[in-house]
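Structure first, commentary second.
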């Protein structure tokens, strides 16, 4: 076993798999949570350690390779489809990859089972490391391919899950309470000086400015930040309707804080600064290939 020891003698690094090619796959958070639950069961580990990005061996096997050996549970299988009659178009290979989750009976209705694997042609050179429960660190290999795991937009179970999550996020977190002036069951009356200060401030502020501030505050209070996976799914659905959107229209359609929405758009969209589509957002080419039907 090849190994390297640190200068401070803290431990050895297992380099026996340094030349092994691995795949890096970005998965939705709800899939990562399911894989973590599978790894928490007694008797083994699942292949979803470390968050939403998961490495898998370069040959398409079951998604169950655990670092450092040990008992492993299969959480998914990669399927490759190749049409020899198809011609590569736009620089994209004719090979398509799919991920099918291995879920127990009765759990398939809770989340989609099959996912598209969108290939990312260019990525920064990376390596995958692992650490066992005993503190043993190993280099599992170098990343050869990177994929984005995307649920099919037309999946019935996925749409139902999005509706449930959206309903949860849109449920008001504030409730109304009946105020009792006596103070027996409600808040106490403010001091007279405090009331005078509030009235004085309101009197010196123009009415139009008060109305504008009230509208802005009301609008901001309704824009509750949702999970990134849910926002990305909404954006994919919007770009299926039409290819170009302004930031204002996307903000109104998603009802998300504009700064957070810009961060998500920066990862999956291109902003046109010039040309016929100036000022509009459109999906990056790799997402167009996987989400939009051929023209």
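Computed from the coordinates by the stated procedures, all read-outs in this text should not be read as laboratory data. Note that this is a predicted model, so its numbers are computed, not measured. We place every Cβ from the backbone using ideal geometry, glycine too, and count neighbours over all the protein chains shown.
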Q. Of the listed peptides 139-151, 164-176, 118-130, what is their order by residue-averaged count of other C-beta atoms within 10 Å, with the highest listed first?
A. 139-151, 118-130, 164-176
(Q) Let's test the formula: R0 of 30 Å, r as the Cβ-Cβ distance of residue 171 and residue 120. What FRET efficiency results, to the nearest 0.05? (A) 0.25
Q. Label points 7 Å out from Cα along the Cβ direction at residue 131 and residue 100: separation in nm?
A. 3.7
Q. What does segment 224-291 give for Rg and for Dmax, in Å, if only its C-alpha atoms count?
A. 11.2, 34
